[in-house]
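Student: Have a look at this one.
Every number here is computed from the coordinates shown, using simple stated rules; none is lab data. Since we're looking at a predicted model, the values are computed, not measured. Neighbour counts run over all protein chains shown; Cβ positions are idealised from the backbone, glycine included.
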Amino acid sequence: MSDSEDTILTCERSAPGQRLDSFLSERLPHVSRGAIRRLIEQEYIQVHEHPVKPSYHPQPGDVIRIHWPPPTPSSVEPEVIPLEVLFEDEALLVINKAPGLVVHPSAGHASGTLVNALLHHCRGRLSGIGGVARPGIVHRLDLDTSGCMVVAKHDQAHVSLAEQFAARTVAKAYHAIVCGALQPEVGEIRVAIARHPTHRKRMAAVDGRGRDAWTSYRVLASLRGATWVEAALHTGRTHQVRVHFKHLGFPLVGDATYGNRQNKRLKEETGYQASRQMLHAASLGFVHPASGERMVFTAPTPADFQEALAALRLGSGV
């Protein structure tokens with residue numbers, strides 16, 4: 001068994017029809033539903049100290065104990081890939097992820113990922129919770145999103161950070177450039193997000209189904225045909241910022257998945273075309289797993305984001 005601490009969760013309210021594996025995947029976003037199902041089947045996850053099936057429906061008052069097994073050896077190879085380190089100690093690492101860097105190995109991305117870089121940088125001192133394909137990874141950023149990411153260097157740090165993400169106590173602020181003149185200048189978007197019904201690689205804002213999602217924003221500057229905004233994420237859904245601003249009718253500059261038509265119009269009006277979605281995880285705040293200190297980190301904006309701002313400034317030439 002791993003020397004990491006067990007995770008204990010209590011079911012506060014019933015969710016008719018929700019299975020245990022689904023219930024836990026919402027509260028442990030760093031662990032895949034498939035991995036959770038295997039842990040239940042192998043009796044690493046128990047309810048009131050008794051084995052259950054993945055299809056078990058949690059009841060109010062249920063005490064769920066997760067005993068994290070030792071990770072199996074990783075087949076991912078360390079690679080020398082430059083990392084912009086914002087902070088590092090024995091428990092964790094905070095980096096400014098570069099745009100275009102894949103977070104973990106997947107189909108079509110067997111190497112050249114953040115995990116490959118971390119295995120080299122940390123010399124194997126990374127947590128194993130969540131599966132061998134993504135050691136140390138507590139949360140993710142999209143391929144073309146840059147900015148702050150925290151990485152756990154041992155299991156206790158991983159569990160602590162994952163619990164903070166699940167409890168929504170991690171402060172996440174993003175900078176984005178959206179198509180159009182966004183109004184009002186301060187607002188909130190509270191619309192659930194679910195998998196798109198026909199395009200399975202996309203997400204969609206939906207009412208009455210999906211998982212609750214909450215984004216608040218404020219305008220930082222008006223640009224030519226676009227707006228620079230700061231968005232605070234109070235939940236952490238897949239593609240949340242991109243989907244929420246698409247829902248408002250102001251998709252991100254450079255986002256071909258959710259804003260192809262608006263970006264074509266922006267290019268026609270200004271001559272500017274972004275090579276990626278203009279989204280940057282500007283800051284990240286959480287409680288240090290060992291010291292208990294509240295820490296906030298800020299990631300400098302990458303060059304292409306600054307170039308987009310310069311190209312779209314009011315009164316600038318093209």
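Student: In this structure, is Q262 touching an Asp or Glu at 6+ places or on another chain (Cβ under 6 Å), among the polar types (S, T, N, Q) and surrounded by 20 or more Cβ atoms within 10 Å (Cβ to Cβ)? Steps first, answer last, please.
Tutor: Details: touching an Asp or Glu at 6+ places or on another chain (Cβ under 6 Å): no; among the polar types (S, T, N, Q): yes; surrounded by 20 or more Cβ atoms within 10 Å (Cβ to Cβ): yes.
No.
Student: Counting only residues that are more than 14 Å from G285 (Cα to Cα) and surrounded by fewer than 23 Cβ atoms within 10 Å (Cβ to Cβ), how many does segment 138-158 have?
Tutor: Looking only at that region, the number is 9.
Student: Given the conditions (1) out of contact with any helix residue (DSSP H, G or I) (no Cβ under 8 Å at 6 or more places or on another chain); (2) of a type outside the set (S, T, N, Q); (3) farther than 21 Å from T145 by Cβ, which single one is not true for G225?
Tutor: The single condition G225 does not satisfy is (1).
Student: Which one of A205, A181 is assigned to a strand (DSSP E or B), among the small types (G, A, S) and more than 30 Å from R125 (Cα to Cα)?
Tutor: Working: A181 fails: assigned to a strand (DSSP E or B).
Answer to the selection: A205.
Student: I'm checking my understanding of the structure. Among residues of segment 33-77 that are part of a loop (DSSP other than H, G, I, E, B) and of a type in the set (S, T, N, Q), which one is nearest to C11 (Cα to Cα)? Can you show your working first?
Tutor: Of all residues in segment 33-77, those part of a loop (DSSP other than H, G, I, E, B) come to 42-44, 48-49, 52-62, 67-77.
Checking the rest, the ones that are also of a type in the set (S, T, N, Q) come to 42, 55, 59, 72, 74-75.
Numbers: Q42: 21, S55: 15, Q59: 6, T72: 30, S74: 33, S75: 36 Å.
Once the filter is applied, the top-ranked residue is Q59.
Student: Output the number of the condition that Q262 fails; it satisfies all remaining conditions of (1) over 24 Å from the mean Cα position of the chain (by Cα); (2) under 23 Å from K97 (Cα atoms); (3) not in a loop (DSSP other than H, G, I, E, B).
Tutor: Failed condition: (2).
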